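Enquirer: Have a look at this one before I ask anything.
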Amino acid sequence: MRILTQDPTIREEQNWLPILKNAISDPRLLLRQLNLPEQDFAPSFNARKLFALRVPQPFVDKMEKGNPRDPLFLQVMCSDLEFVQAEGFSPDPLEEQETNAVPNILHKYQNRLLFMVKGGCAVNCRYCFRRHFPYDENPSNKKSWQQALDYIAEHHEIEEVIFSGGDPLMAKDQELAWLIKRLENLPHLQRLRIHTRLPIVIPQRITDTLCRLLAESPLQTVMVTHINHPNEIDDLLAEAMKKLRYAGVTLLNQSVLLKGVNDDAQVLKKLSEQLFRIGILPYYLHLLDKVQGASHFFIRDEQAHSIYKTLQSLTSGYLVPKLAREIAGQPNKTLYAK
């Protein structure tokens with residue numbers, strides 16, 4: 001009798017998909033785990049109607065219990081401040097919906113474009129600049145993906161495809177393999193970039209199957225993680241990044257400068273050092289995009305520049321990320337000189 005062995009891809013995904021499925025969506029449960037009094041946060045619960053609360057257990061495990069100012073908790077906990085209608089803040093601060101060439105494609109720059117592989121994320125960061133994006137108009141299925149692939153095939157100026165979202169690693173390994181194999185058949189493509197926060201909140205997402213897929217691809221592969229605070233870095237993340245490095249993936253990180261979270265040069269110095277320790281090079285430090293509902297995270301330019309100048313004086317130049325802002329309609333990010 002022939003014994004059928006389970007597909008290793010399916011077996012590996014059983015390690016991270018249940019964690020994703022069981023992500024916390026009730027603020028009361030999150031508060032109970034962190035030993036924080038529900039009554040102190042009750043006025044904030046309704047903010048879930050603006051943007052759902054979603055945070056996986058591995059990210060919760062990194063938070064300090066009993067600390068209402070924990071920098072990881074502040075990034076994910078809904079707040080009544082999200083109802084504030086701040087001047088200059090809008091649902092689409094980067095005017096991306098006007099550059100949505102075909103479903104799932106944002107062609108904002110000449111030689112590269114964003115391929116929005118999945119609309120959902122494993123964690124809902126409260127400052128997300130796409131918290132109002134119409135993902136329902138950009139379905140995540142092979143039919144719509146094929147439209148995107150056809151668009152890329154027709155535009156020979158495209159040298160680099162950036163997998164974005166949502167979070168592209170919400171796609172299963174088999175789905176990513178389907179996409180990547182088709183991109184590899186386009187002779188004008190040289191690089192694949194993957195922007196993701198999923199390894200930080202569910203490190204188990206970095207499977208051997210995914211690493212093998214990226215290692216075997218003729219496309220040069222870059223992964224840009226999204227880590228804002230040194231407390232987000234632990235041994236599980238370090239091991240996941242080690243696997244990617246062995247697969248030949250270039251690792252970069254982008255952060256967002258957030259009030260109450262990382263608006264301190266010493267914190268940013270420690271973040272850069274911890275990133276470098278696990279093989280990730282600091283890449284961008286973004287000024288907050290003025291998305292409606294996130295004004296309580298905003299830091300004025302003068303303060304941001306002061307923090308940045310202090311950071312430059314504290315650490316090596318290669319550990320200082322580029323301070324940048326994205327301005328709607330511009331052909332590239334606006335960088336602030338070091």
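Enquirer: I need every pair where a residue in the range 83-104 that is at pLDDT 75 or above has its Cβ under 7 Å from the Cβ of a residue that is open to solvent by less than 40 Å² (accessible area, probe 1.4 Å) and among the aromatic types (Phe, Trp, Tyr), sequence separation at least 6 or different chains.
Expert: VAL102/TYR151; ASN104/PHE115; ASN104/TRP145
Enquirer: While we're looking at this one, here's another question. Could you identify the single residue in LYS142, LYS181, LYS118 that is without any contact (Cβ under 8 Å) to a residue 12 or more places away in the chain and either crowded, with 19+ Cβ neighbours inside 10 Å or more than 30 Å from LYS259 (Cα to Cα) (or both)? I'd like the intermediate steps shown before the answer.
Expert: Values: LYS142 fails: without any contact (Cβ under 8 Å) to a residue 12 or more places away in the chain; LYS118 fails: without any contact (Cβ under 8 Å) to a residue 12 or more places away in the chain.
Unique residue meeting the criteria: LYS181.
Enquirer: Answer yes or no: is there a residue in the range 2-16 that is modelled with pLDDT of 95 or more, in a helix (DSSP H, G or I) and surrounded by 14 or more Cβ atoms within 10 Å (Cβ to Cβ). Walk me through it before giving the result.
Expert: Our first condition is that a residue be modelled with pLDDT of 95 or more; within the range 2-16, this holds for 16.
Among the residues that remain, those that are also in a helix (DSSP H, G or I) are: 16.
Filter again for surrounded by 14 or more Cβ atoms within 10 Å (Cβ to Cβ), leaving 16.
Looking through the range 2-16, at least one residue is modelled with pLDDT of 95 or more, in a helix (DSSP H, G or I) and surrounded by 14 or more Cβ atoms within 10 Å (Cβ to Cβ).
Enquirer: I would also like to ask the following. Tell me the strands (runs of 3 or more DSSP E) entirely within the range 234-335 that contain at least 3 residues that are among the hydrophobic types (A, V, I, L, M, F, W, C). Walk me through how you get there before you give the answer.
Expert: Details: elements: 250-256, 281-286, 322-325.
In the range 234-335, 250-256 are the strands (runs of 3 or more DSSP E) which contain 3 or more residues that are among the hydrophobic types (A, V, I, L, M, F, W, C).
Enquirer: Let me ask you something else. Out of all the residues in the range 122-130, is one or more more than 19 Å from the chain's Cα centre (by Cα) and surrounded by fewer than 20 Cβ atoms within 10 Å (Cβ to Cβ)? Give the steps one after another, and end with the answer.
Expert: Taking the range 122-130 as the starting set, the residues that turn out to be more than 19 Å from the chain's Cα centre (by Cα) are none.
No, the range 122-130 contains no residue that is more than 19 Å from the chain's Cα centre (by Cα) and surrounded by fewer than 20 Cβ atoms within 10 Å (Cβ to Cβ).
Enquirer: Next question. Looking at (1) touching a Ser or Thr at 6+ places or on another chain (Cβ under 7 Å); (2) of a type outside the set (S, T, N, Q); (3) open to solvent by less than 30 Å² (accessible area, probe 1.4 Å), which one does HIS296 not meet, given that it meets all the others?
Expert: (3)
Enquirer: Residue by residue through the range 140-173, note down the ones that are part of a loop (DSSP other than H, G, I, E, B) and of a type outside the set (S, T, N, Q). So that I can check it myself, show each step before the final result.
Expert: Going residue by residue through the range 140-173, those that are part of a loop (DSSP other than H, G, I, E, B) are 140-141, 155-159, 166-167, 171-172.
The answer is HIS155, HIS156, GLU157, ILE158, GLU159, GLY166, ASP167, ALA171, LYS172.
Enquirer: Output the number of the condition that GLY260 fails; it satisfies all remaining conditions of (1) open to solvent by 30 Å² or more (accessible area, probe 1.4 Å); (2) more than 22 Å from CYS128 (Cβ to Cβ); (3) in contact with a Leu (Cβ under 7 Å, 6 or more places away or on another chain); (4) not charged (D, E, K, R).
Expert: (2)
The values are calculated or read from the model by the stated rules, or taken from the named source; none is laboratory data. Note that the structure is predicted; figures quoted are calculated from it, not measured. All Cβ positions, glycine included, derive from the backbone under ideal geometry; neighbour counts span all protein chains shown. Note: accessible area is taken over every heavy atom of the protein model, side chains too, but ligands, DNA and RNA are not part of it. Shrake-Rupley method; radii C 1.70, N 1.55, O 1.52, S 1.80 Å.
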